[in-house]
Amino acid sequence: MKNDLSEKLFAEALLHIPGGVNSPVRAFRGVGGHPFFVQRAKGARLVDADGNEFVDYVCTWGPSILGHAAKPVVDAVKHAADLGLSFGTPNPAEIKLAKKIKEWVPSVQKVRMCNSGTEATMSCLRLARGFTKRKKIIKFEGCYHGHVDSLLVAAGSGALTLGTPNSAGVPEELAALTIVLPYNDPEALSAAFATHGPDLAAVIIEPVPANAGLYLPKPGYLEALRKLCTQYGAVLIFDEVMTGFRLAKGGAQEIYGITPDLNAFGKVIGGGLPVGAFGGRSDIMDYLAPDGPVYQAGTLSGNPLAMAAGLAQLEELQAQDGFRKLDDLGRTLREAVGDLLKTLRRPWTFQQIGSMFCLYFCESPVHNLTDAKKADTAAFAKFFHAMLEEGVYLAPSQFEAGFLSLAHTEVEMEITLRAMAKALALP
Ligand code: KE4
């Protein structure tokens, strides 16, 4: 694969940008080699600076659920742009998107827009601490909630990929307020609540963890968590930045039938533009400035272009009966890949829910970070590059999830299976 121009661009990027990237996981440190530079994207395809075309299973880490540059979204942004790029005042589109989020996710009684998933989770934490007047929080090892100081403790995604799950620069006094538990371990949960319950402001969890690959909550686990939070008055925060508006209209909470107290959203609701949102119980949300004592703000929060993109994407998802189609796509991929993998002499585990998936190179099913870390990351790196050579772009780390979009058709499936057959046949 020709990559002269991407190599040239990367060399130049290294002169100006730390690691040559604006987000660490893009640097290919988890798989080796150098990242390619994308020139354009359409549907399920990316085209890089050297003209190589790839079937894209990263989907810009989730947002392009309709496929890249979906016409309804692009048209909505173009229309909004002609009316002004940012007002710094309320605009009608903010109300429309807020109402749509409330309509789709019943646990959201009030919602505030922000500019990233990180801002959304950070704001949920501050709100929970302000509301409960408590300091301690619980998170789960391997879960990633953006680069929030209190949550860069045993974090997943890029932090895990780089082996820095506990980031430098986070004061130990702050990290000490974050209790980290293993996921899918109800005993550890009960013990932590028995010890810290009265001091707990919040528990933040990815209901379906997708930042150490992808694994699912064991039956009853989320219910046990909900019950303990209610019993001790801790705010239950569902981080649905990845799963929200993707796994179902109402996100993972609709699938598992759990009502959190607060939610963090992002990705899909921005249609590819920078958007985050957080919302939930109005008695908690009303603690936010300007009404309440918990401060939170953002110059570009509710930006008219981002609102237009998010609204257009959600409306198109609904119009296309998108969630059913995405579930069908995920099932088809799992069945097709499963048949292929059965011929493989190397241990593997393919895990999938809806349009999210992960191929682990390890024997046993993955239920938590400890299991995920048994995966053979060297084998994954080899597989990643072999697939890239065949024109298929997977997430550049064993500890990330893959995504499908409504633009992934039989053609992409055919290309992917052919590529996998070749990649998996390599010694
Ligand atoms: P952002 O600040 O990157 O918009 O969202 C942070 C975030 C919060 N919560 C969950 C569950 C997330 O998955 C994320 C971000 N996801 C990563 C992919 N694993 C973004 C990719 C990156 O960091 O470049």
task = Run the accessible area of segment 137-267 with a 1.4 Å probe and give the carbon-and-sulfur part as a rounded percent.
result = 57 percent
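With every protein chain present, what is the per residue accessible area of segment 52-129 (1.4 Å probe, Å²)? Spell out each step's value before the answer.
Working: 3490 Å² over 78 residues.
Heavy-atom accessible area per residue stands at 45 Å².
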ask   = Out of the DSSP beta bridges found with both residues in segment 71-318, what percent are antiparallel (nearest 5)?
value = 40 percent
task = Highest first, please rank the peptides 73-79, 232-238 by the mean number of other Cβ atoms sitting within 10 Å of their residues.
result = 232-238, 73-79
ask   = Could you sort Y144, Y393 by accessible area so the largest value comes first, with the probe set to 1.4 Å?
value = Y144, Y393
ask   = Could you give the Stokes-Einstein D for segment 206-262 in µm² per second, using the C-alpha Kirkwood radius, 25 °C, 0.890 mPa s?
value = 210 µm²/s
remark   = Comparing T89, T118, T178 in a Gaussian network model of the chain (Cα, 10 Å), the one with the largest mean-square fluctuation is T89
message = Could you work out [θ]222 nm for the chain from helices alone, using -39500 (n - 2.57) per DSSP H run of at least four and dividing by all its residues? Round to the nearest 500 deg cm²/dmol.
response = -11500 deg cm²/dmol
Solvent-free Debye scattering, log10 I(q)/I(0), computed from the Cα coordinates of segment 71-318 at q = 0.08 Å⁻¹ = -0.29
query = Put a dot 7 Å past each Cα toward the Cβ at K71 and E363; how far apart are the dots in nm?
reply = 5.3 nm
remark   = Candidate span helices, the chain: DSSP H, at least 30 Å along axis from Cα coords, Kyte-Doolittle average at least 1.6, result none
ask   = What figure in square angstrom, to the nearest 10, would you give for the accessible area of S301 with a 1.4 Å probe?
value = 30 Å²
request  = Check cross-link reach from K227 to the lysines: straight Cα distance under 22 Å, and skip same-chain residues fewer than eight apart.
outcome  = K133, K135, K136, K139, K218
inquiry  = Modelling each spin label as a point 7 Å along the Cα-to-Cβ direction, I'd like the V47/H196 distance in nm, to one decimal.
reply    = 5.1 nm
key: Over the chain: Kirkwood hydrodynamic radius from C-alpha pairwise inverse distances, Å   = 22.0 Å
note = If the chain between R26 and N166 were fully extended at 0.36 nm per residue, the gain over the current Cα-Cα distance would be 48.5 nm
query = Taking the chain as a Gaussian network, where each spring joins two C-alpha atoms under 10 Å apart, which residue of N115, N91, N22 fluctuates the most?
reply = N22
ask   = How much FRET efficiency would the formula 1/(1 + (r/R0)^6) give for E103 and L344, where r is the Cβ-Cβ distance and R0 is 45 Å, rounded to 0.05?
value = 0.50
query = At a Förster radius of 22 Å, what calculated FRET efficiency corresponds to the Cβ-Cβ distance of D327 and T409, to the nearest 0.05?
reply = 0.90
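Quick check: residue separation of L15 and S282 times 0.36 nm, minus the Cα distance between them. What number comes out in nm?
Values: separation 267, 0.36 × 267 = 96.12 nm, distance 4.75 nm.
Between L15 and S282, full extension yields an extra 91.4 nm.
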ask   = Between I138 and residues 5 or more places away or on another chain, which pairs have amide H atoms under 5 Å apart, with H built 1.01 Å from N, and which residues are they?
value = I179, A202, V203, I204
query = Counting alpha carbon pairs within less than 8 Å and at least 6 residues apart, what relative contact order, in whole percent, applies to the chain?
reply = 23 percent
message = Roughly how far apart, in whole Å, are the Cα centres of segment 26-51 and segment 205-262?
response = 32 Å
query = Given a Förster radius of 30 Å and the C-beta distance between K110 and T299 as r, what FRET efficiency does 1/(1 + (r/R0)^6) yield to the nearest 0.05?
reply = 0.90
note = Taking only the alpha carbons of segment 135-217, the radius of gyration and the largest Cα-Cα distance, Dmax, both in angstrom, are 12.3, 35
ask   = Can you list the lysines whose alpha carbon is less than 25 Å from that of K42, not counting same-chain residues fewer than 8 positions off?
value = K2, K8, K71, K78, K249, K267, K325
request  = Provide, for q = 0.13, 0.24 Å⁻¹, the log10 of I(q)/I(0) from a solvent-free Debye sum over equal Cα point scatterers in segment 230-328.
outcome  = -0.54, -1.30
key: segment 39-178 - convex hull of the alpha-carbon atoms, volume per residue in Å³   = 186 Å³
note = Restricted to the chain, the DSSP antiparallel beta bridge percent, nearest 5, is 60 percent
inquiry  = Can you tell me which of G169, G276, G391 moves the most in a GNM of the chain? Springs connect C-alpha atoms under 10 Å apart.
reply    = G169
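Rg to Rh for segment 286-427: what is it, with Cα atoms only and Rh by Kirkwood?
1.11
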message = Give me the one-decimal nm value for the distance between modelled label points at K218 and D82, 7 Å along each residue's Cα-to-Cβ direction.
response = 5.8 nm
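The values are calculated or read from the model by the stated rules, or taken from the named source; none is laboratory data. What you are looking at is a predicted structure, and each value in this text was computed from that prediction instead of being measured. So basically every Cβ, Gly included, is an ideal-geometry build from the backbone, and we count neighbours across all protein chains shown. Quick note on the areas: whole protein, heavy atoms, side chains included, nothing else; ligands and nucleic acids left out. Shrake-Rupley method; radii C 1.70, N 1.55, O 1.52, S 1.80 Å.
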